Amino acid sequence: MSTVTLTAKGTHELYLEAYNVTPDAFAGKTADEIAGLECHEGNRKGKLGEYFDIDGNGGETAADTQIIVKGNCKKIKRIGQQMTAGEIIVESDCDMYTAGWMKGGKVTVKGNVDSFCGIGMAGGEFIVEGNAQNYLGSAYRGDWRGMTGGLIHVKGNAGNDVATFMRGGKIIIDGDAFLHVCTHGEGGTVVIKGNVESRVGGQMVKGDIYVYGQIKYMMPGFKYVDDVEAEAVEGEKLTFAHYIGDLGERHSKRKGEIIYGNIYLKK
Amino acid sequence: MSDYIIKNGFVFDPLTGIKGDKKDIGIKDGKIVEASEVKGGKTIDASGKTVMAGGVDIHTHCVGPKVNVGRLMRPEDKLFRSRTKVGNTRVEMGFSVPSTFATGYAYARMGYSFLNEAAMPPLHAPHVHEEIRDTPIVDIAAMPVMGNNWFQLEYLKNRELENNAAYTAWLLNATKGFGIKCVNPGGTEAWGWGMNCTTIHDPVPYFDITPAEIVKGQMETNELLGLPHCLHVHPNNLGNPGNYTTTLDTLKLAEGIKPNNKFGRDVVLHNTHLQFHSYDGTTWADFESGSKKVMDYVNAHDNISFDVGFVTLDETTTMTADGPFEFHLNRLNNLKWANTDVELETAAGIVPYVYDKNIKVCDIQWAIGLELALLAKDHMRCHLTTDHPNAGPFTRYPRVIKWLMSKKARDDLLHSFKWSEKVIAATQLESMDRELSLYEIAQMTRAGPAKCMGISNMYGSLKEGTNANIAIYDINPEKMPKDPELIEKAFSETAYTFKDGVMVVENGVVIATTPKYTVWTDVKVKENAIVERDIHEKFAKYYSVGLENYKVFDEHMHNPRAIEVDATN
């Protein structure tokens, strides 16, 4: 595997849209060619070389390309957007849309990420060692197809609107989340190991939400049915109170049985 | 303005009967002239290329409030699908509900010069005209929707044809409209009561009139006035299995009605998006093609025309004044839904829809569209549309042309379907060997629509004296490409598009814009005190706007090009 190391120079005054910082775009390119890839600072078109020191060449394919991003990326958006394979490690905080519409590979952010990260994710792994802001693993505005596959693991807290319109894949949040979890959910799994304020599973028709802490205000559309033993995260077998919902919504049937969205609240 | 000679191209112009002959075409002062009349103009070498008149789209939802709600409602339609601007053009956004600029440029790249906006809610006509102004290059006309209009329901119920004609003329003037559009006659009004009209004999609640009476009355009104376009109908019962019987009943209403106009039009009823109305079977499970039954009738009756509404198997946005249908669609796919009632006049609904090639019903719909065009005997009466964006975006016309011109292209797709055996069993497409010619494509995309809309003296032809709207495609009729993809490519991006004598597209890139026009029908009728009183009364009693604010102001109209009709005798 070839490693390309980018070091942010901090020369951007506005937010930098680094949508070409992906193993897909870097594959088969030398450091010089990578420096010529396009990016945007506000509405001005620029080249990656203007904003990053670039060291190392890309691998033959995306899968053998590793990107390490150093320096302050707090105002850099869209790292890893639409990537299909390979690996990115960002050693600082990142801005919005990091790992958005990701299809494969792995992105690790050692700091915090802003909103809309992991949006529309279809595959791969996205690890955030700090906190995530709003719309983590959600759908793009207006779209009814949110996250469909892959894994998002946030080791800190997440903000509002996690997993909106989720259809598949898994999101694990080690800390807390606030409002709106898995709104309009149609599949997939969300595990929140901390507490949630409220509006968990609103308009959800399918999918599973596990909460280890408290849900301060439960949605009125959910009904307690039984206690179950389940393994939300591998190797953690626990007992949960099982709720079904959202009872105000349409629900499909499979083999004569109605499919509901499920909330599992740790006992 | 430069003059041009287009040399050595293979010319296809059904309105003058030119079938692929090598012919030079001259452009002088924005008009088409004999090549010998051009002195010292620029020469365009069209050898090995196909030359046609600018395309004419008879049915597209390209401007207006409905389209705009679609744009607002579907930000995801723009995601990763925008073109950055080139040169002095504007940014283009969106796929199924493109921005106004994207619409104008994309049509120009395909060689089109005239669009007929298929459904203008009269009350919202100012919005329609503002969007017409903002859609570059192409000339646009808009048809006000009338099939559920309270005035017309009352006049036609009482068989007051002259009053109905006077009101229609007033409405065309007030909205700067082009012709009479009729959507789900009676059914959209019934929707206000939570009901629908699914046959032509279902009475409309309160008004106690049937769809059959509405359609027949509107056809008679249209011929009484002598409008350029015939009645443009979206019949009842759209999109339901077994609806071909309703379609045949509607088409039969035209029997015995004769065209009366001075615009060279010889049909009295245009059935739009016939594909949505040619369904056999009783449920979605035994759904099958009814195209043969419908086309047997259409081929035998020469006073009706239709456009197809080809399903292109894309993700798109459906939008129609057929409110009940959109509600029905929302209950099928559970996606977002917008719906509105336009007081006294019409309604509309919008639902995103994915025509998925892994779904049997969508594939059958796709096949039905192609069957209709392949079964047609007279392509002057069979027009190419996708009912943009209902069955697919207009940017897919080149793909439809590929399927029509290449059996291999459509067979390859047909056999790649997940349920291909079931689709083949429910349709006739696989057994059809016909491949349409460039001449037939020219009939379907310019000559036929222009004649049917009565605008063939201005659009859709290369006759000397008409506006120099010309499309030059990089396709050689003597050496048709073996790879069908090249047909699609050639029709997607013209080698050159001329609009009013200005070269607007070169090698598939928009290089210039040119003044564009709003086409409307200015009908003079005798003074009619009854209708004037009715209009004042209805506005005072029911409308939420005043009469003086209802009409399209002159400043809303962009470059009007009026078609004069004198119906005072």
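The values are calculated or read from the model by the stated rules, or taken from the named source; none is laboratory data. Since this is a predicted model, take the numbers as computed values, not measurements. Cβ atoms come from the backbone with ideal geometry, glycine included; neighbour counts cover every protein chain shown. Keep in mind that these areas ignore ligands, DNA and RNA; they rest on the heavy atoms of the full protein, side chains included. Shrake-Rupley method; radii C 1.70, N 1.55, O 1.52, S 1.80 Å.
Numbers at a glance
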item: Inter-residue pairs, beta-carbon under 6 Å, first hydroxyl-bearing (Ser, Thr, Tyr) and in segment A:27-50, second open to solvent by 30 Å² or more (accessible area, probe 1.4 Å) and not in a helix (DSSP H, G or I), 6+ apart; result: A:THR30/A:ASN57
item: Qualifying position, being open to solvent by 70 Å² or more (accessible area, probe 1.4 Å), in contact (Cβ under 8 Å) with a residue 12 or more places away in the chain and within 17 Å of B:ALA108 (Cβ to Cβ), among B:LYS499, B:LYS524, B:LYS489, B:LYS516; result: B:LYS489
item: Per-region count, segment A:16-30, residues of a type in the set (Ser, Thr, Tyr) and buried (at least 17 other Cβ atoms within 10 Å of the Cβ); result: 2
item: Condition check for A:GLY123: away from every other protein chain (no Cβ under 14 Å) and open to solvent by less than 20 Å² (accessible area, probe 1.4 Å); result: yes
item: Residue among B:ALA562, B:ALA529 that alone is hydrophobic (A, V, I, L, M, F, W, C), under 23 Å from B:TYR459 (Cβ atoms) and open to solvent by less than 90 Å² (accessible area, probe 1.4 Å); result: B:ALA562
item: Unique residue being at pLDDT 95 or above and either more than 30 Å from B:LEU332 (Cα to Cα) or surrounded by 20 or more Cβ atoms within 10 Å (Cβ to Cβ) (or both) when the list is A:GLY245, A:GLY235, A:GLY188; result: A:GLY188
item: Of all residues in segment A:104-148 being closer than 15 Å to A:ASP161 by Cα and among the β-branched types (Val, Ile, Thr), the one that is nearest to the chain's Cα centre (by Cα); result: A:ILE119
item: Among the residues listed as B:LEU79, B:LEU153, B:LEU72, the single one being touching a residue at least 24 places away in the same chain (Cβ under 8 Å), of a type in the set (A, V, I, L, M) and out of contact with any strand residue (DSSP E or B) (no Cβ under 7 Å at 6 or more places or on another chain); result: B:LEU153
item: Elements of type strands (runs of 3 or more DSSP E) in segment A:166-205, at least 2 residues being farther than 19 Å from A:TYR140 by Cα and of a type in the set (A, V, I, L, M); result: A:170-173, A:186-192, A:196-200
item: Hits in segment A:31-63 - residues which are open to solvent by 60 Å² or more (accessible area, probe 1.4 Å) and over 26 Å from A:GLY130 (Cα atoms); result: A:ASP32, A:GLU33, A:GLU38, A:ASN43, A:ARG44, A:LYS45, A:LYS47, A:GLU50, A:ASP55, A:ASN57, A:GLU60, A:THR61
item: Of all residues in segment B:356-366 being more than 14 Å from chain A (Cβ to nearest Cβ) and open to solvent by 10 Å² or more (accessible area, probe 1.4 Å), the one that is nearest to B:ALA409 (Cα to Cα); result: B:LYS357
item: Residue ID - surrounded by the fewest Cβ atoms within 10 Å (Cβ to Cβ), chosen from residues in segment B:52-108 that are within 14 Å of chain A (Cβ to nearest Cβ) and acidic (Asp, Glu); result: B:GLU76
item: Per-region count, segment B:332-341, residues more than 11 Å from chain A (Cβ to nearest Cβ), not in a loop (DSSP other than H, G, I, E, B) and not small (Gly, Ala, Ser); result: 4
item: One residue from B:LEU344, B:LEU370, B:LEU374, B:LEU329 being touching a residue at least 24 places away in the same chain (Cβ under 8 Å), more than 14 Å from chain A (Cβ to nearest Cβ), assigned to a helix (DSSP H, G or I) and within 27 Å of B:THR188 (Cβ to Cβ); result: B:LEU329
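Conditions (1) surrounded by fewer than 18 Cβ atoms within 10 Å (Cβ to Cβ); (2) basic (Lys, Arg); (3) under 20 Å from A:ASN262 (Cα atoms); (4) not assigned by TED's automatic domain parsing to the domain that holds A:ILE209, marked per residue:
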site: A:ILE127; (1), (2), (3), (4): yes, no, no, no
site: A:ASN134; (1), (2), (3), (4): no, no, no, no
site: A:GLY142; (1), (2), (3), (4): yes, no, no, no
site: A:LEU151; (1), (2), (3), (4): no, no, yes, no
site: A:GLY159; (1), (2), (3), (4): no, no, no, no
site: A:VAL162; (1), (2), (3), (4): no, no, yes, no
site: A:ARG167; (1), (2), (3), (4): no, yes, yes, no
site: A:LYS170; (1), (2), (3), (4): no, yes, yes, no
site: A:ILE173; (1), (2), (3), (4): no, no, yes, no
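Matching residues to (1) buried (at least 23 other Cβ atoms within 10 Å of the Cβ); (2) in contact with a helix residue (DSSP H, G or I) (Cβ under 6 Å, 6 or more places away or on another chain); (3) in a loop (DSSP other than H, G, I, E, B):
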position: B:GLU223; (1), (2), (3): no, no, no
position: B:LEU227; (1), (2), (3): yes, no, yes
position: B:LEU238; (1), (2), (3): yes, yes, yes
position: B:GLY242; (1), (2), (3): no, no, yes
position: B:ASP249; (1), (2), (3): no, no, no
position: B:GLY256; (1), (2), (3): no, no, yes
position: B:PRO259; (1), (2), (3): no, no, yes
position: B:LYS262; (1), (2), (3): no, no, yes
position: B:TRP284; (1), (2), (3): no, yes, yes
